[in-house]
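Taken together, the values in this text are just the output of simple stated rules run on the coordinates, not laboratory data. If you're wondering where the values come from, they're calculated on a predicted model, not measured in any experiment. Positions of Cβ are backbone-derived with ideal geometry, glycine not excepted, and every protein chain shown enters the neighbour counts.
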Amino acid sequence: MPVDTAVGDPWGPLTGSRPRPAAPLWVAMYHSVTHTTDDPYRITVSPRRFERQLRWLRRRGLKGVSMAELIRARTAGTVQGLVGLTFDDGYADFTAEALALLRRYECTATVFVLPGLLGSTNEWDPLGPRKPLLDERGIQQAATWGMEVASHGLRHLDLTHADEDTLRREVHESRQLLLDLVGHDVAGFCYPYGAVDLRAVAAVRAAGYQYACAIDPGPLTGRYALPRVHVGERDTAWRLHLKRALHRWRRHEPADLPEGP
Ligand SMILES: [Zn+2]
């Protein structure tokens with residue numbers, strides 16, 4: 001059953017007439033920021049490369065912001081020049097490496113954490129290497145410094161293969177645990193592996209989230225399945241330029257941010 005989240009939505013209505021169509025939201029997907037040569041899933045960007053990417057944004061008059069900020073700006077019609085910055089899995093290097101750089105470049109970001117694996121490691125990646133995840137203190141530190149803390153589920157499960165109970169727990173309990181931990185609203189969800197279907201979207205909406213990030217959700221694209229662009233160590237200024245141009249060309253979002261199916 002569709003839930004009309006536009007009613008009573010603190011970000012305001014999502015639909016309505018606009019003078020001209022807005023550009024599609026551009027959201028970068030990061031994972032880990034640290035030095036490593038062992039990176040089979042290409043989820044790690046070095047602090048040096050990350051800083052160059054933030055500098056690239058600034059040179060082009062763009063500003064990296066959290067998803068909550070990006071969506072608020074979209075609703076207010078002030079999204080021009082903003083780029084969403086997201087960090088999946090909540091690696092401990094978010095506070096150790098990324099946070100200081102984000103602050104230096106006056107950016108905010110959203111970190112999607114796993115409250116069922118606090119202080120643990122990325123045990124879901126069979127090839128490793130093992131990377132430590134943020135614990136309670138790290139998550140609170142990220143929130144204190146102005147970063148948006150949002151949910152990636154409890155234990156990094158593919159929700160399209162989860163039974164009803166598991167799906168509900170991953171989506172609801174993770175939100176509740178984070179609410180208790182950071183003491184304010186937890187607006188966002190991010191589907192592990194970018195794996196999303198109609199059932200997962202419905203569960204995320206029912207749990208009270210206000211948006212959700214995917215990777216390449218195709219026809220499910222909308223407020224509860226936002227596409228993102230992977231950004232990694234190989235992304236030099238030229239490649240970023242190309243990715244941004246391609247994104248604008250590939251995504252044909254309507255002027256308002258659709259609720260999705
Ligand atoms: Zn993940």
Q.
Any residue in the stretch 87-103 that is closer than 18 Å to residue 124 by Cα sitting within a Cβ distance under 7 Å of a residue that is among the basic types (Lys, Arg) and within 16 Å of the ligand (Cβ to nearest atom)? List the pairs, counting only those 6 or more apart or interchain.
A. 91/131
Q: Being part of a loop (DSSP other than H, G, I, E, B), surrounded by fewer than 19 Cβ atoms within 10 Å (Cβ to Cβ) and more than 16 Å from the ligand (Cβ to nearest atom) is the filter here, so list the residues in the stretch 177-206 that pass it.
A: 183, 184, 185, 197
Q. Do any residues in the stretch 112-135 that are in contact (Cβ under 8 Å) with a residue 60 or more places away in the chain have Cβ atoms under 6 Å from those of residues that are among the aromatic types (Phe, Trp, Tyr) and within 13 Å of the ligand (Cβ to nearest atom), where the two are at least six apart or on different chains, and which pairs are they?
A. 131/91
(Q) Checking the condition closer than 21 Å to residue 44 by Cα, under 19 Å from the mean Cα position of the chain (by Cα) and of a type in the set (A, V, I, L, M), which residue from 127, 134 passes? (A) 134
Q: Working only within the stretch 207-223, note down all residues that are surrounded by fewer than 17 Cβ atoms within 10 Å (Cβ to Cβ) and within 15 Å of the ligand (Cβ to nearest atom).
A: 216
Q: Determine whether the stretch 229-245 contains at least one residue that is closer than 30 Å to residue 61 by Cα, away from the ligand (no atom under 15 Å from the Cβ) and among the polar types (S, T, N, Q).
A: yes
